[in-house]
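Below is the structure I would like to discuss, written out as C-alpha cells.
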Amino acid sequence: MTVAKPIITNSAQLTEFTAQTRTRMSDVTKINILVSMGTCGIAAGTTPVLKALEESLAAQNLTGVKITRVGCMGLCHSEPTIEVVDTASGKSVIYGNVKASHAEAIVAAGVHPAEGLKVIERGWYYPEDEENTQDAPQARIVLRNSGRINPEDIQEYIAQSGYQALCKVLLEMSPKQVVAEITDSGLRGRGGGGFPTGRKWSFANAQKPKEKYVICNADEGDPGAFMDRAILEGDPHAVLEAMAIAGFAIGAKNGIVYIRAEYPLAIERLQIAIHQAREMGFLGKNIFGSGFDFDIDLKFGAGAFVCGEETALIASIEGKRGEPTYKPPFPAIAGLWGKPTIVNNVETFANVCAIIRNGAGWFKRIGTTGSPGTKVFALAGKINQVGLIEVPMGTSLREIIYGIGKGIRNGKQFKAVQTGGPSGGCIKRDQLDTTIDYDTLVLLGSMMGSGGMIIMDEDDCMVSVARFFLEFTLDESCGKCTPCRIGNKRLHEMLTKITQGKADMQTLQKLRDLSASIKDTALCGLGQSSPNPVRSTMNQFEDEYLAHILEGKCPAGVCADLVTYSINENCTGCAVCKKRCPVDCIRGEKKSVHVIDAEACIKCGMCLSSCKFNAIDRK
Amino acid sequence: METQAKVDEILTRYKDAKRDALIPILQDVQDSCGYLSKEAVIQIGAYLNLPTSKIYGVATFYNQFRFQPVGQHHIQVCRGTACHVKGSSGVFDRFCRDLKINDGETTRDGMFSLEVVSCIGACGLAPVIAVNGEFHAKLVDDDASRIVKEYKKAAKEGDNK
C-alpha cells in the first residue's frame with residue numbers, strides 16, 4: 001500500500017496547522033449546534049432531528065451557524081440531545097428530548113433558551129480548560145471532547161490541542177521520562193483492577209526484545225457498562241494518540257485495538273480516525289521527523305467476556321480459543337507472540353494525553369491520593385437520570401445517585417447499587433456516604449470494575465440478582481479450570497433452589513464455603529471474582545436469603561415460584577385477563593370480581609400486565 | 001456451490017494467512033453467508049492447514065459464531081444488568097411464547113430467530129432489543145407481542161402485493 005506524503009512532518013507544522021484550523025473555525029462559526037450522534041442518540045431518534053435542523057438552517061438562510069455531529073454527551077435520560085454553543089463567549093444551552101418539530105425554534109433562538117423545550121443544566125466542567133466556578137459535580141477529562149467535537153473530523157480534534165502531547169513526547173522527552181511522568185501521575189488501570197499504569201509500562205520498557213506491542217482493550221463486556229463505547233464513538237483520536245505515546249514509552253512499533261464486533265459505530269469511527277491520522281502523518285513512519293514509527297490495527301472480538309482478561313485477549317488475537325493462561329509470566333514480559341506487550345483499557349488511554357499536556361502534578365490535584373483523576377460511570381437501572389457521568393475520585397455515592405442521578409424512579413426506596421459488574425458487589429443504603437475510589441470499594445466487598453453502576457430499588461430481589469450474575473458467569477466461563485467451570489454451576493444450582501423455596505440452612509453454609517474456595521483457587525480474574533456477587537449479597541442482605549429459606553417468601557416479589565397472583569375488589573369484571581390467560585385459570589361472571597385458580601396458575605404475569613384497573617395483586 | 005464461491009472470494013483477501021487470521025476469516029464468512037456451514041469450515045481448514053476439529057474448537061468458543069442460518073427477522077434480546085432489572089426476562093419469555101422457539105432457535109417457516117445477547121451497551125434505553133440491528137427501546141412484555149404481530153402483518157401484506 002502506498003501512502004501519499006504525510007501533511008505534517010514536524011512540530012512547527014503542527015503549531016501552524018492548529019492555529020490555522022482554530023482561526024478558520026472561529027471565523028466561520030458563530031453558533032455551533034452540536035447534535036449527539038452516539039449509538040444511544042441514534043437509537044432514540046437523532047437522525048430525523050438532524051435532518052430537520054439542516055432543513056430549517058437552509059430555510060432561515062442564516063450565516064455563521066454550523067451543525068456538528070458529535071459523540072455522546074452522556075445525557076442518555078433525555079436523548080435526543082442538542083447543545084447550542086456561542087463560539088465567541090462559550091455560552092451554551094442544552095436541550096433534551098428534542099423532536100424534529102423543534103428544529104425551527106432551536107435554530108432561530110440561538111443560545112437564548114427556546115420556549116417550550118426541555119433545557120438541561122450542564123452539571124460538569126472541563127478541568128483542562130476552565131475553573132470549576134459553578135461548583136459542578138462532574139469533571140470531564142476523559143469525556144473532554146465527547147459531545148463537543150465531530151469524531152469523524154481530525155481537524156476538530158487538532159483544534160482541541162490534539163496530537164500536541166504526542167509531538168511533545170517524541171521531540172522533547174525520552175521513553176524513560178514518559179514512563180516516569182505516567183508513574184508519577186498515579187494513573188491506575190480503569191478497566192477494573194486498578195493496577196498502576198506507569199508500572200506496567202516500566203516493566204515493558206525494561207525488556208530487551210525489539211518487537212513489542214501496545215494493545216488497547218476495547219472488549220467492553222461488563223453488562224451495564226458502556227463508557228468505552230462512548231469514548232471511542234465520541235473521541236477516537238484521544239485513544240490513538242495515547243497508544244502512540246505508549247508505543248514510544250515502551251519501544252513498540254505496533255498497536256492493536258481489540259474491539260467488540262457488537263460496536264459497529266465505534267469500529268467505523270475508529271477506522272475513519274486511523275485513516276485520517278495516517279494521512280496527517282500522526283501514524284506511520286518517522287512521525288514528526290523524530291524517527292519513531294508506529295501504526296495501529298483493529299481486531300474484532302468475537303463475543304467472549306473472558307477475553308477482557310489480558311492473557312485471554314492475547315490468545316484470541318493469536319487466533320486461539322480465548323482461554324486465560326497462568327501469570328507469571330505477565331504480558332509485559334511475554335505477551336503477544338511471546339513478546340513484551342502492554343494491555344490497557346480504553347479509558348486508561350483516554351487519560352494519557354491530558355496528563356502529558358498538563359503534567360502529573362495537575363492530574364494529582366484531581367481525585368484522591370490513592371486514586372488520582374476521575375472515573376467515568378455508566379448510571380443505569382432504577383434511577384431518574386440514566387447516563388454517562390465523569391466524577392473526580394472521592395465523590396460520594398449519595399452525590400452520584402441523588403445529586404447527579406436525581407434519585408430513584410417513581411419515588412421508590414433505594415435498596416442497593418451494584419458496581420463492578422459480574423465481578424463486583426452490592427452496596428447498601430447505609431453506606432451511601434462512602435466516597436468512592438479503588439480502595440474503598442474493595443473494603444465494601446465490591447470493586448471499581450469498568451464503571452457500570454446499576455441502581456436497584458425495593459422491587460429488586462437480591463438473591464435473584466446474585467443468580468442473574470452467576471448465570472452470566474456460567475455462560476461466559478471458558479471452562480479451563482475446575483473451580484470456575486463446576487464450582488459456579490453448583491453455586492447457581494444452590495441459588496436456584498433458594499429462589500424456588502427448596503433450600504435449607506445448610507445450603508447457605510455450603511454457598512459460603514464454596515464461594516470462598518472458588519475465590520482462592522480459580523485460574524484467572526474472572527473465576528476468582530465470580531462468587532463476588534454471591535458473597536456480597538449474602539453479607540449485605542442476609543435477611544432476604546433467610547426470608548426465602550425460612551419463610552418461603554420473596555420480600556421483593558420477584559422470584560416467580562414464591563409469589564401468588566390474586567384479584568382484589570378493584571376488578572370490574574371486564575374479562576380481559578380471562579381472555580389473555582394462557583392456561584385459562586381465571587374464572588368469573590361478567591361484571592363481577594374474578595378469581596384466579598392458584599393451582600393452575602403458571603405465574604406468567606399476563607393478567608397483571610393486561611389489567612387496567614390495578615386489580616391484580618402479586619405477593 | 002454458492003457458499004464455496006463466497007468463501008473462496010474471502011480467502012483470496014487473506015494471502016499467506018496464518019493461524020491469527022482464523023477468527024477474522026470466520027467473521028467474514030459469517031458476515032457473507034449468514035452462518036458457518038460445515039462445508040465452509042472444511043474449506044477454511046484446508047486453506048489454513050488446520051484440522052476441522054481445531055476450527056470448531058475456536059468457533060464454538062465464541063458467542064458470535066452460528067452454525068445454523070438465522071431467520072428473516074433476527075431478534076436479539078439484551079441480557080445486560082440494566083435490562084434485567086427493568087424486566088428483560090419478561091420480554092424474552094413473551095417472545096419465546098409467541099414464536100414458540102427458544103434462545104438460539106429459528107421458527108420453522110424461517111421467519112424469526114431469537115437470540116439472547118450480552119449487553120449491547122444501550123443501558124439508557126433498557127430493556128432493549130434489536131431486530132436485524134434496528135433498536136426497539138424501553139419495552140414492556142406486550143411490546144414483544146406487538147413487534148411480532150407487526151412483522152407478521154408486514155410479511156403478509158408483502159405476499160399479497
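Being out of contact with any Ser or Thr (no Cβ under 7 Å at 6 or more places or on another chain), surrounded by fewer than 20 Cβ atoms within 10 Å (Cβ to Cβ), at pLDDT 90 or above and within 11 Å of chain A (Cβ to nearest Cβ) is true for just one of B:SER145, B:SER89. Which residue is that? Talk me through it step by step, then tell me what you get.
On the way: B:SER89 fails: at pLDDT 90 or above.
Result of the check over B:SER145, B:SER89: B:SER145.
Got a number for residues in region A:477-511 being surrounded by 21 or more Cβ atoms within 10 Å (Cβ to Cβ) and at positive phi?
0
Can we say A:GLU347 is crowded, with 19+ Cβ neighbours inside 10 Å, among the acidic types (Asp, Glu) and in contact with a Pro (Cβ under 7 Å, 6 or more places away or on another chain)? Steps first, answer last, please.
Details: crowded, with 19+ Cβ neighbours inside 10 Å: yes; among the acidic types (Asp, Glu): yes; in contact with a Pro (Cβ under 7 Å, 6 or more places away or on another chain): no.
No, not satisfied.
Evaluate the following for A:LYS91: is it within 30 Å of A:LEU379 (Cα to Cα) and open to solvent by 80 Å² or more (accessible area, probe 1.4 Å)?
Values: within 30 Å of A:LEU379 (Cα to Cα): yes; open to solvent by 80 Å² or more (accessible area, probe 1.4 Å): yes.
Judged against the criteria, A:LYS91 is a match.
Okay, next question. Do the conditions hold for A:ALA249, that is, is it in a helix (DSSP H, G or I), touching a Lys or Arg at 6+ places or on another chain (Cβ under 9 Å) and under 22 Å from A:TRP201 (Cα atoms)?
Details: in a helix (DSSP H, G or I): yes; touching a Lys or Arg at 6+ places or on another chain (Cβ under 9 Å): yes; under 22 Å from A:TRP201 (Cα atoms): yes.
Answer is yes for this residue.
Within region A:294-306, identify whether any single residue is over 25 Å from the mean Cα position of the chain (by Cα) and either modelled with pLDDT of 95 or more or open to solvent by 40 Å² or more (accessible area, probe 1.4 Å) (or both), and answer yes or no.
Filtering region A:294-306 for residues over 25 Å from the mean Cα position of the chain (by Cα) gives A:294-295.
From the residues that got through so far, the ones that are either modelled with pLDDT of 95 or more or open to solvent by 40 Å² or more (accessible area, probe 1.4 Å) (or both) too are A:294-295.
Checked region A:294-306: at least one residue is over 25 Å from the mean Cα position of the chain (by Cα) and either modelled with pLDDT of 95 or more or open to solvent by 40 Å² or more (accessible area, probe 1.4 Å) (or both).
Output the number of the condition that A:ILE272 fails; it satisfies all remaining conditions of (1) in contact with a Phe, Trp or Tyr (Cβ under 9 Å, 6 or more places away or on another chain); (2) at pLDDT 95 or above.
(1)
Continuing with the same structure: Determine whether B:LYS152 is open to solvent by 50 Å² or more (accessible area, probe 1.4 Å), away from chain A (no Cβ under 12 Å) and touching a residue at least 24 places away in the same chain (Cβ under 8 Å). If you could, list the steps in order and put the result at the bottom.
Numbers: open to solvent by 50 Å² or more (accessible area, probe 1.4 Å): yes; away from chain A (no Cβ under 12 Å): yes; touching a residue at least 24 places away in the same chain (Cβ under 8 Å): yes.
The answer is yes for B:LYS152.
Turning to a different aspect of this structure: Identify all residues within region A:471-495 that are of a type in the set (S, T, N, Q) and at pLDDT 95 or above; write none if there are none. Full working, then the answer.
Residues of region A:471-495 that are of a type in the set (S, T, N, Q), as a first pass: A:473, A:477, A:482, A:488.
Result: A:THR482, A:ASN488.
Checking A:GLU55 against (1) more than 30 Å from A:GLY289 (Cα to Cα); (2) surrounded by 15 or more Cβ atoms within 10 Å (Cβ to Cβ): exactly one of these is not met. Which one?
(2)
Kindly indicate which of B:GLN76, B:GLN43, B:GLN72 is surrounded by fewer than 17 Cβ atoms within 10 Å (Cβ to Cβ) and more than 9 Å from chain A (Cβ to nearest Cβ). Even if it seems obvious, please write down each step before you answer.
Numbers: B:GLN76 fails: surrounded by fewer than 17 Cβ atoms within 10 Å (Cβ to Cβ); B:GLN43 fails: surrounded by fewer than 17 Cβ atoms within 10 Å (Cβ to Cβ).
Testing whether each residue is surrounded by fewer than 17 Cβ atoms within 10 Å (Cβ to Cβ) and more than 9 Å from chain A (Cβ to nearest Cβ) leaves just B:GLN72.
Would you please name the residue that is surrounded by the most Cβ atoms within 10 Å (Cβ to Cβ), looking only at residues in region A:258-282 that are of a type outside the set (D, E, K, R) and closer than 19 Å to A:GLU16 by Cα? I'd like the intermediate steps shown before the answer.
The first filter runs over region A:258-282 and keeps only residues of a type outside the set (D, E, K, R), leaving A:258-259, A:261, A:263-267, A:270-277, A:280-282.
Those still in the list that are closer than 19 Å to A:GLU16 by Cα too: A:276-277, A:280-282.
Working: A:GLN276: 20, A:ALA277: 26, A:MET280: 23, A:GLY281: 22, A:PHE282: 28.
So, considering only residues that are of a type outside the set (D, E, K, R) and closer than 19 Å to A:GLU16 by Cα, the one surrounded by the most Cβ atoms within 10 Å (Cβ to Cβ) is A:PHE282.
Is it the case that A:ALA575 is open to solvent by less than 50 Å² (accessible area, probe 1.4 Å), touching a residue at least 12 places away in the same chain (Cβ under 8 Å) and of a type in the set (A, V, I, L, M, F, W, C)?
Working: open to solvent by less than 50 Å² (accessible area, probe 1.4 Å): yes; touching a residue at least 12 places away in the same chain (Cβ under 8 Å): yes; of a type in the set (A, V, I, L, M, F, W, C): yes.
Yes: the conditions hold for A:ALA575.
Which members of region A:575-595 meet the condition of being of a type in the set (Gly, Ala, Ser) and on the phi < 0 side of the Ramachandran plot?
Restricting attention to region A:575-595, the residues satisfying the condition of being of a type in the set (Gly, Ala, Ser) are A:575, A:588, A:592.
The one that is of a type in the set (Gly, Ala, Ser) and on the phi < 0 side of the Ramachandran plot: A:SER592.
Check every one of the helices (runs of 4 or more DSSP H) wholly within region A:1-64 and list those with 3 or more residues that are free of Cβ contacts under 8 Å to residues at least 24 places away in the same chain. Outline the logic, then answer.
Numbers: elements: A:11-28, A:39-44, A:46-60.
Because the criterion is at least 3 residues that are free of Cβ contacts under 8 Å to residues at least 24 places away in the same chain, the helices (runs of 4 or more DSSP H) in region A:1-64 that meet it are A:11-28, A:46-60.
I'd like the full set of residues that are among the hydroxyl-bearing types (Ser, Thr, Tyr) and either surrounded by fewer than 23 Cβ atoms within 10 Å (Cβ to Cβ) or part of a loop (DSSP other than H, G, I, E, B) (or both), limited to region A:125-178. Can you show your working first?
Applying the first criterion (among the hydroxyl-bearing types (Ser, Thr, Tyr)) to region A:125-178 yields A:125-126, A:133, A:146, A:157, A:161, A:163, A:174.
Answer for region A:125-178, where residues must be among the hydroxyl-bearing types (Ser, Thr, Tyr) and either surrounded by fewer than 23 Cβ atoms within 10 Å (Cβ to Cβ) or part of a loop (DSSP other than H, G, I, E, B) (or both): A:TYR125, A:TYR126, A:THR133, A:SER146, A:SER161, A:TYR163, A:SER174.
Return the only residue of B:LYS18, B:LYS38 being open to solvent by 70 Å² or more (accessible area, probe 1.4 Å), within 13 Å of chain A (Cβ to nearest Cβ) and over 30 Å from A:SER609 (Cα atoms).
Working: B:LYS38 fails: within 13 Å of chain A (Cβ to nearest Cβ).
Being open to solvent by 70 Å² or more (accessible area, probe 1.4 Å), within 13 Å of chain A (Cβ to nearest Cβ) and over 30 Å from A:SER609 (Cα atoms) holds for just one of B:LYS18, B:LYS38, which is B:LYS18.
Run down A:ARG278, A:ARG321 and say which single residue is assigned to a loop (DSSP other than H, G, I, E, B), over 19 Å from the mean Cα position of the chain (by Cα) and either within 14 Å of chain B (Cβ to nearest Cβ) or touching a residue at least 12 places away in the same chain (Cβ under 8 Å) (or both).
Working: A:ARG278 fails: assigned to a loop (DSSP other than H, G, I, E, B).
So the residue among A:ARG278, A:ARG321 that is assigned to a loop (DSSP other than H, G, I, E, B), over 19 Å from the mean Cα position of the chain (by Cα) and either within 14 Å of chain B (Cβ to nearest Cβ) or touching a residue at least 12 places away in the same chain (Cβ under 8 Å) (or both) is A:ARG321.
Among the residues of region B:46-61, which ones are within 12 Å of another protein chain (Cβ to nearest Cβ), surrounded by fewer than 16 Cβ atoms within 10 Å (Cβ to Cβ) and in a loop (DSSP other than H, G, I, E, B)?
Once the filter is applied, which keeps residues that are within 12 Å of another protein chain (Cβ to nearest Cβ), surrounded by fewer than 16 Cβ atoms within 10 Å (Cβ to Cβ) and in a loop (DSSP other than H, G, I, E, B), region B:46-61 yields only B:THR60.
Residues to consider are A:GLY194, A:GLY251, A:GLY224; find the one that is on the phi > 0 side of the Ramachandran plot and either hydrophobic (A, V, I, L, M, F, W, C) or buried (at least 24 other Cβ atoms within 10 Å of the Cβ) (or both).
Working: A:GLY194 fails: either hydrophobic (A, V, I, L, M, F, W, C) or buried (at least 24 other Cβ atoms within 10 Å of the Cβ) (or both); A:GLY251 fails: either hydrophobic (A, V, I, L, M, F, W, C) or buried (at least 24 other Cβ atoms within 10 Å of the Cβ) (or both).
Just a single option satisfies the conditions, and that option is A:GLY224.
Against the condition open to solvent by 10 Å² or more (accessible area, probe 1.4 Å) and within 9 Å of chain A (Cβ to nearest Cβ), how does B:ASN102 come out, does it pass?
No; evaluated as a whole, the condition is false for this residue.
When region A:38-52 is examined, which residues are found to be more than 14 Å from every other protein chain (Cβ to nearest Cβ) and crowded, with 17+ Cβ neighbours inside 10 Å?
A:VAL49, A:LEU50, A:ALA52, listed by residue number.
For B:LEU114, state whether it is in a loop (DSSP other than H, G, I, E, B) and either over 19 Å from the mean Cα position of the chain (by Cα) or not β-branched (Val, Ile, Thr) (or both). Break it down into steps so the answer makes sense when it comes.
Details: in a loop (DSSP other than H, G, I, E, B): no; either over 19 Å from the mean Cα position of the chain (by Cα) or not β-branched (Val, Ile, Thr) (or both): yes.
Spelling it out, it is not the case that B:LEU114 is in a loop (DSSP other than H, G, I, E, B) and either over 19 Å from the mean Cα position of the chain (by Cα) or not β-branched (Val, Ile, Thr) (or both).
Could you list all residues from region A:3-34 that are open to solvent by 50 Å² or more (accessible area, probe 1.4 Å), under 22 Å from A:SER89 (Cβ atoms) and hydroxyl-bearing (Ser, Thr, Tyr)?
A:THR23, A:SER26
Conditions (1) touching a Cys at 6+ places or on another chain (Cβ under 9 Å); (2) open to solvent by 70 Å² or more (accessible area, probe 1.4 Å), marked per residue:
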site: A:ASP513; (1), (2): no, yes
site: A:ILE518; (1), (2): yes, no
site: A:PRO533; (1), (2): yes, no
site: A:GLU551; (1), (2): no, yes
site: A:ASN570; (1), (2): yes, yes
site: A:ARG580; (1), (2): yes, yes
site: A:LYS590; (1), (2): yes, yes
site: A:CYS607; (1), (2): yes, no
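So which of A:VAL85, A:VAL119, A:VAL111 is out of contact with any helix residue (DSSP H, G or I) (no Cβ under 9 Å at 6 or more places or on another chain), in a strand (DSSP E or B) and surrounded by fewer than 20 Cβ atoms within 10 Å (Cβ to Cβ)? It would help to see each step written out before you state the result.
Values: A:VAL85 fails: surrounded by fewer than 20 Cβ atoms within 10 Å (Cβ to Cβ); A:VAL111 fails: in a strand (DSSP E or B).
Unique residue meeting the criteria: A:VAL119.
The values are calculated or read from the model by the stated rules, or taken from the named source; none is laboratory data. Quick caveat: nothing in here was measured; it's all calculated off a predicted structure. All Cβ positions, even for glycine, are placed from backbone atoms using ideal geometry, and neighbour counts span all protein chains on display. Side chains included, ligands, DNA and RNA excluded: accessible areas come from the protein's heavy atoms. Shrake-Rupley method; radii C 1.70, N 1.55, O 1.52, S 1.80 Å.
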